[in-house]
1. Among GLY155, GLY238, GLY124, whose mean-square fluctuation peaks in a Gaussian network model of the chain (Cα, cutoff 10 Å)?
2. What distance in nm separates the simple spin-label points at ASP266 and LEU345, each placed 7 Å from Cα in the Cβ direction?
3. Using only Cα atoms, tell me the angle between helix 415-424 and the longest principal axis of the chain; keep it within 0 to 90° and round to the nearest 10.
4. Taking only Cα atoms and a 10 Å spring cutoff, compute GNM fluctuations for the chain and point out the largest among HIS321, HIS308, HIS291.
5. Can you list residues whose amide H is under 5 Å from VAL173's amide H, if they're 5+ apart or on another chain and H is modeled 1.01 Å from N?
6. How about the stretch 320-390: which GluC sites (Glu not before Pro) there lie in a loop by DSSP and see at most 11 other Cβ atoms within 10 Å?
7. I'd like the distance between the alpha-carbon centres of the stretch 1-63 and the stretch 360-429, rounded to an integer number of Å.
8. Looking only at the chain, where both bridge partners belong to it, what percent of the DSSP beta bridges are antiparallel (to the nearest 5)?
Amino acid sequence: MTSTIPANPEAIFTYGAPQLKFGPGASDEIGFDLSQYGVRRALVVTDPGVAATGIPQRVADQMAQFGIEARVFDGVHVEPTDESMNAAIEQARSTGPWDAFVAVGGGSSIDTGKAINLLLTNPGGLMDYINAPVGQARAPVNPLKPLVAVPTTTGTGAESTTVCVLDVLSLRVKTGISHARLRPTLAVVDPLLTLTQPAGVTASAGMDILCHALESYTARWYTSNERKRPEQRVPYCGANPVSDMWSEKAMALLATSFRTAVRRGDDEQARADMAIAATFAGMGFGNAGVHIPHANAYPIAGRVRGFHPKDYPPDEAMVPHGMSVALTAPEAFRFTFDAAPDRHLRAARLLAPDAEQPPDPAEFLPAVLNTLMRDIDIPNGVAAVGYVPADIPALVEGTLKQQRLLATSPKPVTADDLAGIFERSLELW
């Protein structure tokens, strides 16, 4: 991977992951798992749609046999905002105290669980902890309570990561909180919980898995950073040998399972492969980091006007996170190709082992991504979700606020570079 060698190069990378319990029926053992931490009161955090399936209540009910009182909070907002998270935090505070939190659902529920845990154990408000330059990027001063993450969608990898993502409504920007203490204590990945995930959600969430793996795999190599002092180290340290392993495995699983999971949602093997791929990709990007596609995704999602995606709540305009990441990914990887050609080609071959490489190698990965996105019915570029050329300056402005992510790009990216990526992403094929 090519990069400028800093004067005092980094020689250390870090790696972290939660304890993991994986397999059909794993969610039936959460009461036992919490009992090992001495938990007596647990709050189950979920959204109304997942609550309607009965899964969160079932998780709460089976805790009683271990002497644990559990209550379900089902007020999570899909694609959380600062307002929805603050409301959840206040609700949890008013019904506490709690010894532990169990987040059941997609990334929205897990991220809301992280925010509740952070703000019920530490002083201040959300803006104190939100990444700079949007927030103050303060570090928590107190330990957090045990958090068990139980994904019911296959995509975000939030069960593995130190990141909590939200929209700040007043600024019309999607941003987040990132700190090692936010990482769940235990990830319980039960593929049976994902069988009812609709095709549209599977497609969008699956693109999130894919971009997590691709972006961490193509992120700047950790030794290309300036050496940090111990207190300066952050979870996103750049691509490294351990994150590479998880990212490659996630891409190999996606190559054989992604299309099947979208087209035949009752295929248990495809669902299991997608579930473990999401966790593997989370273990990769949760340490290496993500870069341009995710940075672009925040303003795409944050400035949405009237787009209503298939299989999501019909009464709310949104661009789901995984979809917003995917919409500029082909052009972003065309832009980063020359920083790490071998990695981009290796990723394309992992994702499409039988595809023929085009004469221009820089086109290989974008072509693989465009073909996949057409196959699983992802919209054809940012124009398809409601943006026009006149919106590009505002989208670029929103992306430039994501410096924590852009710092992980394998090559420097300017405002003009971003504008070009957005322009070429208005229509992808």
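1. Among GLY155, GLY238, GLY124, the largest GNM mean-square fluctuation belongs to GLY124.
2. Taking the two extended label points, one gets 4.4 nm.
3. So the helix axis and the longest Cα principal axis differ by about 90 degrees.
4. Per the Cα network of the chain with a 10 Å cutoff, HIS308 tops the list.
5. It is VAL168, by chain and number.
6. Taking the stretch 320-390 and a limit of 11 other Cβ atoms within 10 Å, the loop GluC sites (Glu not before Pro) found are GLU356.
7. Cα centroid of the stretch 1-63 versus Cα centroid of the stretch 360-429: 31 Å apart.
8. Just about 25 percent of them are antiparallel.
Throughout, read-outs are computed from the coordinates displayed, never taken from laboratory work. Quick caveat: nothing in here was measured; it's all calculated off a predicted structure. Positions of Cβ are generated from backbone atoms using ideal geometry, with glycine treated the same way; all protein chains shown enter the neighbour counts.
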